[in-house]
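Asker: Handing you a structure now.
The values are calculated or read from the model by the stated rules, or taken from the named source; none is laboratory data. A quick note: this is a predicted structure, and the numbers were derived from the prediction, not measured. In this analysis, Cβ positions are derived from the backbone assuming ideal geometry, glycine residues included, and neighbour counts consider all displayed protein chains.
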Amino acid sequence: MSILLRIKAWKLVLLTYFAPFIAAGILVELAESMGNKNLGFVFVPFIILTLLIFQIVWSWTVGFITQELSPENLRLNMTMFNFGIKYVFIYTFVFFIGSFIENSVLISVIFILHIIAILFFIYIIYFVTKSVLISEKQRKVGFFEVATLLVFILVSPLWLFI
């Protein structure tokens, strides 16, 4: 855990949100290289489910620990963050089960729930990024500091390796 505390904020956030997707790509390639071209697509839903669960748990852990490391007067309200984590976690299973059922009404409901889950996930990324910055700088950070980091992260995921 001490190595995570010494990593710069932007590298930690990149590691948190892009490493699982890189791992998924590697796992799919490994499955396909075993000889069966369709084997990778059989495992894709299970790989995605596993990585989403890992990412949700990792986001909650980083958000919680960085809040504990932040000064008392700078801590963020975790109510919406905790609700968002629970919603995305439950929705991941609903989407996984619902993706195997062909029903137009269910697809419409899942679409609406999916949009809400995306918005919550964006909030979770924002919350984790802001709490990492607060715990690193030990001062209040503004929206533009967080937004700059988020834009940097979303535009250039290859900076993880620098």
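Asker: Which residues, counting only those in the stretch 81-139, are without any contact (Cβ under 8 Å) to a residue 24 or more places away in the chain, small (Gly, Ala, Ser) and surrounded by 16 or more Cβ atoms within 10 Å (Cβ to Cβ)?
Answerer: Selection gives GLY98 alone.
Asker: Here is a follow-up. Has the stretch 63-73 got at least one residue that is crowded, with 16+ Cβ neighbours inside 10 Å, β-branched (Val, Ile, Thr), at pLDDT 70 or above and over 15 Å from ILE125 (Cβ atoms)?
Answerer: Looking through the stretch 63-73, at least one residue is crowded, with 16+ Cβ neighbours inside 10 Å, β-branched (Val, Ile, Thr), at pLDDT 70 or above and over 15 Å from ILE125 (Cβ atoms).
Asker: Can you tell me which residue in the stretch 116-155 is modelled with the lowest pLDDT, limited to those that are under 16 Å from the mean Cα position of the chain (by Cα) and of a type in the set (S, T, N, Q)?
Answerer: Going through the qualifying residues, I end up with THR129.
Asker: While we're looking at this one, here's another question. Among the listed residues LEU27, LEU113, identify the single one that is in a helix (DSSP H, G or I) and at pLDDT below 75.
Answerer: On the way: LEU113 fails: at pLDDT below 75.
The conditions single out LEU27.
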